[in-house]
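Shown next, in structure tokens, is the structure this report addresses.
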Amino acid sequence: MSWQRIRVRDWGGPEVLQIEQLDDLPSPGPGEALVRVRAAGVGYTDTIVRRGKYIDYKDGLPVTPGYDLAGEVVALGPDTQGPAPGTPVCDMPMYGSYSKYVIRPAQDLVPVPSGVVAADAVQVPLMLMTAYQMLTREVDFPKGSWVLVVGASGSVGRALVKLAVERGLKVVGTASARNLGAVEELGATAIDYERPDLVKTIRAASGGGVLAAFDAIGGVSWKTSWKALRRSGKLVGYGLQGYLESGAGSLNAISSFARLLAIYPLLGKLSGKSTSFYNILQRRWKLPEEYREDAVAVLDLLASGTIAPDPVEVLPLSAAPEAHRRIAAGGLEARLVLDPGA
């Protein structure tokens, strides 16, 4: 049986995403499942893996990108317990999803409820789960509290806004001027992040400051988010996008983390402000049952219509380079998804 996957053999730009043709299906071993991928999400993190800059990826080249997937189980390995063949599932392998078939640990697969199509289910393992766990595991505020979402037009930013609104929180979302309307449609108070008086504007919009700020940029952005907090507020970092995009040296990243995890908490002792850094991979490795429990909860929110998935644009595997270029350009109005069998 002929099938395809994307293979990266040299770190670099979108052009390094090359189609590889294979003839034989892989066979799952004990504890493993063969999964037929119906939808592979395309996200900013995939572009970091492609460039060889993702800190949690240690396996070198060649690599098949693809942080999250949805599909169905084709076969289980010998003496393996897991979702039966034919069961729709989703998963977050970190890499490998840009492929028609993948081998995955059977225990990691989360069954997808009836009525949730693959292109929507693939929004759960990384995007919606990051937002859900930060809102439920990192903070605990009463309904009506104000929170700040930095980069509210991005994939996780949109998920944060939708889930925060569903939980009865009030949201200030920062975005570029061209994306303010889209952020407002999600239910947030939208503010241009290039405003010179950004901290003052956020504090005014939220009645004196926010109780939580979710910020994946780092550096100066974390400083702004920290200043936008009211007393007893919490800054949750979950990425260092500014460092990655600027090409700054590793000392800049170390300095950002030092401020987030050491200096800011020291400064916040009198005001009760606090910080944390959320890493979905490390949390899943440490607390796999918690991850599964939360994934089931988020899938149920989708299945019930409590939250709506992002609009989706499905592309063939050959369009992976184009998808990465569009991710880099920004301003997307739909989640890009690859169908490796298209």
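Here is a check on your reading of the model: is residue 233 buried (at least 17 other Cβ atoms within 10 Å of the Cβ), assigned to a loop (DSSP other than H, G, I, E, B) and in contact (Cβ under 8 Å) with a residue 24 or more places away in the chain? Show your work before the answer.
Details: buried (at least 17 other Cβ atoms within 10 Å of the Cβ): yes; assigned to a loop (DSSP other than H, G, I, E, B): no; in contact (Cβ under 8 Å) with a residue 24 or more places away in the chain: yes.
For residue 233, the condition - buried (at least 17 other Cβ atoms within 10 Å of the Cβ), assigned to a loop (DSSP other than H, G, I, E, B) and in contact (Cβ under 8 Å) with a residue 24 or more places away in the chain - is not met.
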Would you be able to say whether some residue in the range 135-150 is in the same structural domain as residue 228 (by TED's automatic domain parsing), at pLDDT 95 or above and within 20 Å of residue 311 (Cβ to Cβ)?
yes
Of all the residues that make up the range 182-199, how many are outside any loop (DSSP other than H, G, I, E, B) and loosely packed, with under 15 Cβ neighbours inside 10 Å?
2
crowded, with 20+ Cβ neighbours inside 10 Å, among the basic types (Lys, Arg), in a loop (DSSP other than H, G, I, E, B) and not assigned by TED's automatic domain parsing to the domain that holds residue 204 - does that describe any residue in the range 102-117?
no
Contact list, first residue from the range 140-168 and touching a residue at least 24 places away in the same chain (Cβ under 8 Å), second anywhere and exposed (fewer than 15 other Cβ atoms within 10 Å of the Cβ) and hydrophobic (A, V, I, L, M, F, W, C), beta-carbon distance below 8 Å, six or more apart or interchain, is 162/308
Subset of the range 298-330 (residues that are hydrophobic (A, V, I, L, M, F, W, C), assigned to a helix (DSSP H, G or I) and touching a residue at least 40 places away in the same chain (Cβ under 8 Å)):
298, 299, 301, 302, 303, 317, 320, 323, 327, 328
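Would you mind finding the one in 69, 61, 22 that is surrounded by fewer than 14 Cβ atoms within 10 Å (Cβ to Cβ) and hydrophobic (A, V, I, L, M, F, W, C)? Full working, then the answer.
Working: 69 fails: surrounded by fewer than 14 Cβ atoms within 10 Å (Cβ to Cβ); 22 fails: surrounded by fewer than 14 Cβ atoms within 10 Å (Cβ to Cβ).
From the options 69, 61, 22, the qualifying one is 61.
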In the range 119-153, how many are surrounded by fewer than 23 Cβ atoms within 10 Å (Cβ to Cβ) and either among the acidic types (Asp, Glu) or not in a helix (DSSP H, G or I) (or both)?
8
State all residues of the range 65-91 that are of a type outside the set (Asp, Glu) and either under 18 Å from residue 338 (Cβ atoms) or without any contact (Cβ under 8 Å) to a residue 24 or more places away in the chain (or both); if no residue qualifies, say none.
65, 66, 67, 69, 70, 71, 84, 85, 86, 88, 89, 90
For the range 236-263, which residues satisfy the criterion of being in a helix (DSSP H, G or I) and exposed (fewer than 15 other Cβ atoms within 10 Å of the Cβ)?
245, 246, 250, 251, 254, 258, 261, 262, 263
Any idea which of (1) surrounded by fewer than 20 Cβ atoms within 10 Å (Cβ to Cβ); (2) under 18 Å from the mean Cα position of the chain (by Cα); (3) in a helix (DSSP H, G or I) is the one residue 295 doesn't satisfy?
(1)
Give the number of residues within the range 13-64 that are in contact (Cβ under 8 Å) with a residue 60 or more places away in the chain and in a strand (DSSP E or B).
11
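The values are calculated or read from the model by the stated rules, or taken from the named source; none is laboratory data. Just so it is clear, the model here is predicted, and its values are computed rather than measured. No Cβ is skipped: glycine too gets one built from the backbone with ideal geometry, and neighbour counts run over all protein chains shown.
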